[in-house]
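Just so it is clear, none of the values below were taken in a lab; they were calculated from the coordinates. Note that the structure is a prediction, hence the values are computed from the model and not measured. FYI the Cβ positions are ideal-geometry reconstructions off the backbone, even for glycines, and counts take in every protein chain you see.
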Amino acid sequence: MSKLAKPIPVPNEDSKPYWEGCNAGKLLIQRCKACATPRFYPRIVCGSCGSMDSDWIETSGRGSVFSYSIIHRAPSPAFKDDVPYVLAIVELDEGVRMMTNVVKCDVSTVAVGMPVQVVFDRVSEEIAVPKFVPVEK
Ligand code: ZN
């Protein structure tokens, strides 16, 4: 029997540099060239000033848990072997928030404010998904 596949992210024109960064072990975010506001998810327009001029910066990969939920019931059979797992919003030290998973820890130890560091979960030749692990402050 074949193993059920999880959905794999499909890069688009806006997110391609982000996924290329992940593939190289770097967590990149956009920064507006006009007002210097960092942003995530990848998109063409700055939400602060409306500028379409931006560049990519490499983050520290460090942040903290802003919010989380422990998933006990798999949303599809492909996630059945993962439960319980942590779906979290991590706030990077650079100020942006991203939805992700906190992994490689007892799910009951995850807490708001917990310091975390990015790791990359390779799911295909082109795609490595950023997830986070707890670290000492
Ligand atoms: Zn801006």
Residues of the range 15-28 being in a loop (DSSP other than H, G, I, E, B) and under 14 Å from the mean Cα position of the chain (by Cα), in sequence order, are 15, 25, 26, 27
When restricted to 43, 39, 97, the only residue surrounded by 14 or more Cβ atoms within 10 Å (Cβ to Cβ), within 15 Å of the ligand (Cβ to nearest atom) and among the charged types (D, E, K, R) is 39
Which one of these is away from the ligand (no atom under 16 Å from the Cβ) and surrounded by 11 or more Cβ atoms within 10 Å (Cβ to Cβ): 69, 54?
69
Using the structure shown, decide if residue 11 is within 16 Å of the ligand (Cβ to nearest atom), under 15 Å from the mean Cα position of the chain (by Cα) and within 15 Å of residue 130 (Cα to Cα).
no
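So that you can scan it fast, the table gives a plain yes or no per residue for (1) in a loop (DSSP other than H, G, I, E, B); (2) in contact with a Ser or Thr (Cβ under 6 Å, 6 or more places away or on another chain); (3) surrounded by 12 or more Cβ atoms within 10 Å (Cβ to Cβ); (4) small (Gly, Ala, Ser):
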| position | (1), (2), (3), (4) |
| --- | --- |
| 10 | yes, no, no, no |
| 13 | yes, no, no, no |
| 30 | no, yes, yes, no |
| 87 | no, yes, yes, no |
| 116 | no, no, yes, no |
| 119 | no, no, yes, no |
Cβ-Cβ under 9 Å pairs, at least 6 apart or on other chains, the range 74-93 side without any contact (Cβ under 8 Å) to a residue 24 or more places away in the chain, far side of a type in the set (Asp, Glu) and surrounded by 12 or more Cβ atoms within 10 Å (Cβ to Cβ)
74/82
